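The values are calculated or read from the model by the stated rules, or taken from the named source; none is laboratory data. Here the structure is a predicted model, which means the values were calculated and not measured. As a convention, Cβ positions derive from the backbone with ideal geometry for all residues, glycine included, and neighbour counts pool all protein chains shown. Heads up: the accessible areas ignore ligands, DNA and RNA and are worked out on the full protein's heavy atoms, side chains in. Shrake-Rupley method; radii C 1.70, N 1.55, O 1.52, S 1.80 Å.
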Amino acid sequence: MAKELKTIGVLTSGGDAPGMNAAIRSVVRTAIAKGLKVKGIKKGYQGLLNEEIIDMEARSVSDIIQRGGTILGTARCLEFKTAEGQKKGAEICKKHGIDGIVVIGGDGSYRGAQALSRLGINTIGLPGTIDLDISCTEYTIGFDTAVNTAMEAIDKVKDTSSSHERCSIIEVMGRNAGYIALWCGVANGAEDILLPEKYDFNEQQIINNIIQNRKRGKTHHIIINAEGIGHSTSMARRIEAATGIETRATILGYMQRGGSPTAKDRYYASIMGSYAVDILLKGKTNRVVGYQHGEFVDYDIEEALQMEKGIDEYQYQVSQWLSV
Ligand code: ADP
Ligand code: F6P
């Protein structure tokens, strides 16, 4: 029989994402509503190893749902990748009476959660990343906000780019995944969309597109480039030299990871936070919460990490048909 749960911990790990605070708030308030005690673990696994652990009450999470970032802080912790680090983490949990943990982060953070689970601490992962690059879920906390932030910024660049009849390369986040680039490419009506999963490095094709579009009378040419491809500044120099059209690069960078979460990120993060507490109370461990085909679901972490997801072929085709 599952051990009765009395105290749970919550931590955020890896890159922060808007909506993480909504998830923390939901974990804390749901747990308290169900008679549990809650501890906040600061700065991810690093804070766990440093015993930066605080008691959390319902009021500790007042007035945070609308804030970007994470009130608990986040970190990358190399020590936690070692067996000794993980053992120390589990012992610290036991010392503080923590018998379950909700880990909000990405794939790397799930590996840490898996290790804790193997060491007897019930763990549940929530998908927190702006990159949408977690295979077991169609939704990740922060993506919606990040895409909206990038979209608004790109609209602004497009205004000035058109006025000067320039070409603009706008680099959006996504080290390994092109979801932000794909969505912005479509939502901003870009002329070229470069995704790490698809780009064939045929720069001549882009140059031809720019020249043709200019001949057709287009005053702007927006290229959305994913961070995973990068090199936007040198690409701009080469395109300007080849086309004779002034070309500028704008790298949006970290502004995409901050800011007040959208309603969708606040809402889904809230549901997922409650869902995590509910399945902990059912005695589940080593699970990750996802959103698939209109439903909130949970998977075994190992199974989730083995899943693969790529850019949807049809959606990619649409992006190509529309970017003329
Ligand atoms: P994300 O969770 O966003 O994928 P990272 O890959 O940087 O971000 O992972 C966040 C943290 O999770 C790491 O700094 C480390 O503390 C922990 N982690 C990552 N990989 C492992 C692993 N293989 N075993 C244990 N902990 C890990
Ligand atoms: O949060 C995801 C992400 O924004 C990636 O797109 C990016 O490559 C990475 O984080 C950069 O994070 P950091 O500079 O904090 O390591």
Any aspartates and glutamates with Cα under 16 Å of the LYS88 Cα? List them, leaving off those in the same chain fewer than 8 positions away. GLU51, GLU52, GLU79, ASP99
Can you give the Rg to Rh ratio for the stretch 92-216, taking only C-alpha atoms and Rh from Kirkwood? 1.18
Under-5 Å amide H pairs with GLY128, H placed in peptide plane, nonlocal only: GLY105, GLY106, ILE141
What's the angle, to the nearest 10 degrees (0 to 90), between helix 203-215's Cα axis and the longest principal axis of the chain? 60
Just to check I understand the Karplus step: with θ = phi - 60° and J = 6.51 cos²θ - 1.76 cosθ + 1.60, what whole-Hz values come out for the stretch 246-261, glycine and proline as x? 3, 10, 10, 10, 10, 9, 5, x, 5, 4, 6, 8, x, x, 5, x
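Give a quick list of chymotrypsin sites (Phe, Trp or Tyr not before Pro) in the stretch 111-211 that DSSP marks as loop, anything other than H, G, I, E or B, with at most 15 other Cβ atoms within 10 Å.
Taking the stretch 111-211 and a limit of 15 other Cβ atoms within 10 Å, the loop chymotrypsin sites (Phe, Trp or Tyr not before Pro) found are PHE201.
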Rank these by accessible area, largest first, 1.4 Å probe: MET151, MET235. MET151, MET235
Ordering HIS221, HIS293, HIS96, HIS231 by the accessible surface of their heavy atoms, 1.4 Å probe, largest first, yields HIS293, HIS231, HIS96, HIS221
Longest to shortest principal axis, alpha-carbon extents of the stretch 260-324, angstrom: 52, 32, 19
Students often forget the sequence filter, so: which lysines lie under 16 Å Cα-Cα from LYS81 once same-chain residues fewer than 8 apart are removed? LYS43
As a test, work out the antiparallel percent of DSSP beta bridges whose residues both lie in the chain, rounded to the nearest 5. 25
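Determine the equivalent ellipsoid of the stretch 145-257 by diagonalising the alpha-carbon gyration tensor, then write out the semi-axes as square roots of 5 times the eigenvalues, largest first, rounded to whole Å.
They are 21, 16, 12 Å, listed from largest to smallest.
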Using the alpha-carbon atoms, what tilt in degrees (0 to 90, nearest 10) does helix 143-163 show relative to the longest principal axis of the chain? 20
With loop defined by DSSP as not H, G, I, E or B, and exposure as at most 10 other Cβ atoms within 10 Å, which is the longest segment of the chain clear of exposed GluC sites (Glu not before Pro)? 5-307
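Convex hull over the Cα atoms of the stretch 1-149, averaged projected area in nm²?
Mean projected area for the stretch 1-149: 8.7 nm², to one decimal.
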Amide H to amide H under 5 Å from GLY14: which residues, 5+ apart in sequence or cross-chain, H placed 1.01 Å off N in plane? ALA75
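What is the percent of Cα-Cα separations in the stretch 230-272 that go past 11 Å? If you can, show how the numbers build up before the last one.
Values: 652 of 903 pairs.
Here the long-distance tail beyond 11 Å is 72 percent of all Cα pairs in the stretch 230-272.
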Helix-derived [θ] at 222 nm for the chain: sum -39500 (n - 2.57) over DSSP H runs of at least 4, divide by residue count, nearest 500? -13000 deg cm²/dmol
Mind putting together the pair-distance distribution for the stretch 1-66? All Cα pairs, 5 Å bins, whole percent per bin, short to long. 4, 18, 25, 24, 19, 8, 2, 1
With at most 12 neighbouring Cβ atoms within 10 Å, loop trypsin sites (Lys or Arg not before Pro) (DSSP) excluded, longest segment of the chain: 7-174
Can you list the lysines whose alpha carbon is less than 24 Å from that of LYS34, not counting same-chain residues fewer than 8 positions off? LYS3, LYS6, LYS42, LYS94, LYS95, LYS282, LYS284
Show me, bin by bin at 10 Å from 0, the whole-percent P(r) of the chain based on Cα pairs. 6, 26, 29, 18, 13, 6, 1, 0
Estimated inter-spin distance, GLN292 and SER62, nm [label 7 Å along Cα→Cβ]: 4.1
Using 11 Å as the cut-off for backbone N distance, which residues of the stretch 42-72 belong to the label zone defined by a point 7 Å from the Cα of THR7 along Cα→Cβ? 53-56
Taking the Cα atoms only, what angle lies between the long axis of helix 263-281 and the longest principal axis of the chain, rounded to 10 degrees? 30
